[in-house]
Each structure stands twice: as structure tokens, then as C-alpha cells.
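Heads up, the thing below is written out as C-alpha cells.
Only the coordinates and a few stated rules stand behind these numbers; no lab work does. What you see is a predicted model, and the numbers here were worked out from it, not measured in a lab.
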Amino acid sequence: MSQRDLGTAIGIRSGLVNAYELGLAGPTKLQRRRIAKALSLAEDALWGDDLLRVGVPDNERQAAKARAFGLAFRLRRIAADLTQVDVAERAGVPAWRLGQIEMGTGLLADSKMKRQLSKSLEKGLF
């Protein structure tokens with residue numbers, strides 16, 4: 001189910017669903033019930049301690065991690081007043097690859113690349 005589909009099913013914008021996935025916002029109790037119903041899951045299973053293990057396929061979990069990493073990195077890059085090209089040159093990665101990472105559309109950066117990107121900001125990131 002896409003973010004748009006879920007948003008439509010529970011009566012919110014897809015951008016808010018994205019914010020929930022990234023942990024930037026949290027749903028109300030009513031929205032939690034609606035989300036659980038739309039996903040055909042028990043509310044306890046969806047919002048309990050097993051959230052990362054129950055009801056969310058691995059590929060969706062990986063996609064959410066990629067988007068979260070990309071957003072966090074982009075915000076840090078902007079705060080450091082650096083362009084994508086600046087960071088790409090410093091980290092030794094192609095600028096197009098950095099763009100994919102920031103948008104969360106490419107593969108999740110591996111540990112080595114995360115270290116390279118972190119060093120390129122001249123501060124530890126992760």
C-alpha cells in the first residue's frame with residue numbers, strides 16, 4: 001500500500017504518512033486505529049514493542065531507513081552550508097549517487113560510505 005493509498009484510506013495527506021514513517025510526527029489514537037484497520041492489523045501489533053518486526057515487510061523497512069538517513073544527511077549538509085557537489089567531491093562519491101541517497105531513492109548507504117559522507121561534513125554524523 002502506498003503512502004497516498006494509506007493517507008486516503010484514513011483521511012490524511014500522504015506527506016503526513018511519510019512523516020509518521022520517518023518518525024517526524026506521530027499519529028493520534030484515532031489515526032492509529034484507522035491505520036491498523038486499513039492495514040488489516042491488530043492495533044497492539046502495529047503500535048506495540050514489535051512495530052519493527054510485525055506488519056512491515058523488510059523492503060518497506062529498508063526504504064524507510066533509506067529515506068530517514070537521506071533526510072538527516074541532507075539537513076546536516078545544508079546546516080554545514082555545503083552543496084551536494086562539495087560533499088560528493090570530499091567523500092569521493094558521484095554527485096548523482098549523493099542525490100539518490102538524500103532522496104532515499106537509491107540503495108541505503110553502507111557503513112563505509114556513511115563514514116565517508118560523515119567525514120565530508122567535517123563532523124561525525126552517525
Cross-link partners among lysines for Lys119, C-alpha distance below 27 Å, same-chain residues fewer than 8 apart left out?
Lys65
Looks like region 1-43, by Cα gyration tensor root eigenvalues a ≥ b ≥ c and the a/c under 1.5 rounded cutoff (else prolate when a/b is bigger than b/c, oblate otherwise), is oblate
